[in-house]
Amino acid sequence: MKNFITRGKKGDLHMLLYVVKQMGGGNLLIAPGEFEEPLESILESCSRLVCAQNYIHRFDIYKGEFIDVDLDLYRKSSLLYRTTLLEVISSPHGLKIKYPVEPWIDVPPDPRFKEKIILHRRKSVVWGRENKLFNWKQLLENIGYQNCIFVSRLKEEWNEFGFPQVEYYCPKDNYEHAQIIKASRLFIGNQSFPSALADALGVNRIFELSTGLDRKHFQISYADNVWYFANPWNGSIKNFRYLKIANSKSYHDLSTGEIALKVESYFSSFWKTIFLEIRFQWFFCREMCKRFVKYVYWKKIFKSI
């Protein structure tokens, strides 16, 4: 039986379960690295969900076992920041993404949250997670505050969200969190652990893309029931109301629940959009250049040995 190892983060861990499943399953071990919590806390919150997957034999802290597969090899991949996270983490192991991607985490849905819209947003911890062009107020007015529930184990994230009229719920662990998302008719969030969970569960989902380097990690094209927004020119959700229907010129209207052939106009600050996009492109190009220079440098070193 194969031993897999990862060093975090929590969202990455649940995305990496895709690789574990595709490679036949086995034991998943965690070690210090990118996790934002002690490893014991990761086990406490994640064990029930991870061990519920039929391809996981054991989930534990690494104690010197022989490792067959290092799941963190993607951190040195040339695809990092350039395509979806699923493609990035799969590439070091020779795995090809087959469209459409089937869910790799499975739990029974929680009937209490049937037909609800589940929200999550994290913006104060990681730079760039908050996209200032994403109009949450407009979106919430279109879908109805009463239809939404903000789900997080951290109540300060709900306070930070800034919409007290949206109900808050605290799941007892990640298994219950997954059950809630699985039952929902739609998940909306930015690039964080619950978004990774929604992607793994394969539910209808809308992603607020970051203004940081990892924007393209959630610019997903391997499923028809996922939409995203980076800016007014780059997104499959229009005017925070219309969801583009795959292989069609029509849209789902979130406000009426009907099919729309045209979208209403929506005003967005032109210069603010231009500034944020130029900033993103600058940081992105700078990082790509740094990675290329590093690659050339080490290639010359190895050739000289």
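The values are calculated or read from the model by the stated rules, or taken from the named source; none is laboratory data. Quick caveat, the model's predicted, so the values are computed rather than measured. Note that each Cβ is placed from the backbone with ideal geometry, even for glycine, and that neighbours are counted across all protein chains shown.
Would you mention how many residues in the range 191-233 are part of a strand (DSSP E or B) and either free of Cβ contacts under 8 Å to residues at least 24 places away in the same chain or aromatic (F, W, Y) (or both)?
So the answer is 5.
Select from the range 237-254 the residues that are buried (at least 17 other Cβ atoms within 10 Å of the Cβ) and either hydroxyl-bearing (S, T, Y) or assigned to a loop (DSSP other than H, G, I, E, B) (or both) and list them in ascending order.
Hits for the range 237-254 are N239, F240, R241, Y242, Y251, L254.
Only one residue in I105, I61, I56 is aliphatic (A, V, I, L, M), under 21 Å from F218 (Cα atoms) and either crowded, with 16+ Cβ neighbours inside 10 Å or touching an Asp or Glu at 6+ places or on another chain (Cβ under 9 Å) (or both). Which one?
Going through I105, I61, I56 in turn, just one is aliphatic (A, V, I, L, M), under 21 Å from F218 (Cα atoms) and either crowded, with 16+ Cβ neighbours inside 10 Å or touching an Asp or Glu at 6+ places or on another chain (Cβ under 9 Å) (or both): I105.
Determine whether Y99 is more than 30 Å from Y145 (Cα to Cα), in a loop (DSSP other than H, G, I, E, B) and within 15 Å of the chain's Cα centre (by Cα).
When the stated conditions are applied, Y99 does not pass them.
Checking the structure you have, find out if any residue of the range 172-187 is of a type outside the set (F, W, Y), crowded, with 24+ Cβ neighbours inside 10 Å, in contact with a strand residue (DSSP E or B) (Cβ under 8 Å, 6 or more places away or on another chain) and outside any helix (DSSP H, G or I).
yes
How many of the residues in the range 112-166 are loosely packed, with under 13 Cβ neighbours inside 10 Å and among the β-branched types (V, I, T)?
Residues flagged as loosely packed, with under 13 Cβ neighbours inside 10 Å and among the β-branched types (V, I, T) within the range 112-166 amount to 1.
So that you can scan it fast, the table gives a plain yes or no per residue for (1) basic (K, R); (2) in the same structural domain as A230 (by the TED database); (3) at pLDDT 95 or above:
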residue	(1), (2), (3)
L79	no, no, no
T84	no, no, yes
V101	no, no, yes
E115	no, yes, no
H120	no, yes, yes
V126	no, yes, no
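In the range 84-99, which residues are loosely packed, with under 13 Cβ neighbours inside 10 Å and of a type outside the set (F, W, Y)?
Within the range 84-99, G94, K96, K98 qualify.
With the requirement that a residue be under 14 Å from Y74 (Cα atoms) and either surrounded by fewer than 21 Cβ atoms within 10 Å (Cβ to Cβ) or among the aromatic types (F, W, Y) (or both), what does the range 1-11 give you?
Across the range 1-11, the qualifying residues are F4, I5, R7, G8, K9.
So, in the range 240-295, exactly how many residues are of a type in the set (V, I, T) and modelled with pLDDT of 85 or more?
The number of residues fulfilling the criteria is 3.
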